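Everything on this sheet refers to the single structure shown next.
The values are calculated or read from the model by the stated rules, or taken from the named source; none is laboratory data. Only a predicted model underlies this, so the values are computations on that prediction, with no experimental measurement involved. Neighbour counts are summed over all protein chains in view; Cβ atoms, including those assigned to glycine, are modelled from backbone coordinates with ideal geometry.
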Ligand code: PLP
């Protein structure tokens, strides 16, 4: 028996190391990873620049309490603000912590600015996944909380991107609307642009804060640094995690000036958030992603992947129903069982990830090269042939 709490259905695979877009098991078998640790290893495995920067830092200083100024953290915050709508960044260690911070900040904003004790409701959308702490679970839908004998007030969930329902749901007590611009766990569901536009104007009209959860779709995954950059809409708060650390635990909650200013001394904190190791990694990830060629290459390989997938879909309509997504955040909606597809792909040494709505997610490292893309496509084709 394993002594690890059985909260994950683990496959029997055991990887010993990785390089670029590949993982290697104990027997030396090579797997092409189109999952990236669920959108985490966006710069692949064992990236030489990241490894060098991390090693340099670990010889100097691992941890420093947030009661001291951490230069690498200051730099990372400044850079994240320069490339986004934000003026402030709170650092933490995971996506769910970034979500908790966003909920606290939104509620405190109205507590401080309106002296309101009731404008605290958070509206989210069906299918959304925001993490596993209690607040994040409540935002993800009450059924996820049922078995924990917990009820949490102040959360409402409405149908995904439903214009009428959102208008009816907002009221004087609504503090924030929380949305993933592209839902990941739900099966790569893109929020229509016009719905984002509507949310922004609704929030402006009713004095409600708009929170974008870019934990999965952010940091280049969709072909732009942030998924909402495909539109002109700006949130008031945004959560990120996963790819900003490329596997090092790092999350962040970004806010506009007016919102962030309510978070004064003692209102929130984290022991490890933004420590020197994490901050060096975050900065190194940005060094790579902000290179001019990064998104140009990504666009080329994404186009190649989508075109190849469309051909496979044409050839195997009994296996593939639809292909959706953006950049390298791709969902294959299956006409066969998505679990069986993932297993068969694994037997072809291709790693993919299941999602809801019978979807198989393709989230390859963003450094994917054309030859690796072709290899992935031929493994997907071989997988389709097995049905
Ligand atoms: N938000 C979204 C959109 C996610 O996809 C996830 C994780 O999959 C989370 C939040 C929670 O992140 P973490 O697992 O790092 O707590």
*Evaluate the stretch 150-167: report whether one residue or more is closer than 23 Å to residue 249 by Cα and within 15 Å of the ligand (Cβ to nearest atom).*
no
_Hits in the stretch 125-143 (condition: under 13 Å from residue 102 (Cβ atoms), outside any loop (DSSP other than H, G, I, E, B) and within 11 Å of the ligand (Cβ to nearest atom))_ = 136, 139
*Some residue of the stretch 107-122 being over 11 Å from residue 259 (Cα atoms) and within 16 Å of the ligand (Cβ to nearest atom)*: yes
*Scan 220, 273 and give me the residue that is in contact with a helix residue (DSSP H, G or I) (Cβ under 6 Å, 6 or more places away or on another chain), modelled with pLDDT of 95 or more and not in a helix (DSSP H, G or I).*
220
*Kindly check whether there is at least one residue in the stretch 187-203 that is touching a helix residue (DSSP H, G or I) at 6+ places or on another chain (Cβ under 6 Å) and within 16 Å of the ligand (Cβ to nearest atom).*
no
*asked:* I'm trying to understand the selection: among the residues of the stretch 204-245, which are within 16 Å of the ligand (Cβ to nearest atom), under 19 Å from residue 302 (Cα atoms) and without any contact (Cβ under 8 Å) to a residue 60 or more places away in the chain?
replied: 218, 228
*With respect to residue 131, determine if the residue is on the phi > 0 side of the Ramachandran plot, in the same structural domain as residue 213 (by TED's automatic domain parsing) and in contact (Cβ under 8 Å) with a residue 40 or more places away in the chain.*
yes
*Within the stretch 53-61, identify whether any single residue is outside any strand (DSSP E or B), under 25 Å from the mean Cα position of the chain (by Cα) and under 30 Å from residue 378 (Cα atoms), and answer yes or no.*
no
*Quick one: which residue in 254, 328 is closer than 17 Å to residue 226 by Cβ, within 16 Å of the ligand (Cβ to nearest atom) and touching a strand residue (DSSP E or B) at 6+ places or on another chain (Cβ under 7 Å)?*
254
*Can you name every residue in the stretch 144-166 that is part of a loop (DSSP other than H, G, I, E, B), touching a helix residue (DSSP H, G or I) at 6+ places or on another chain (Cβ under 9 Å) and farther than 20 Å from residue 183 by Cα?*
150, 151, 152, 153, 154
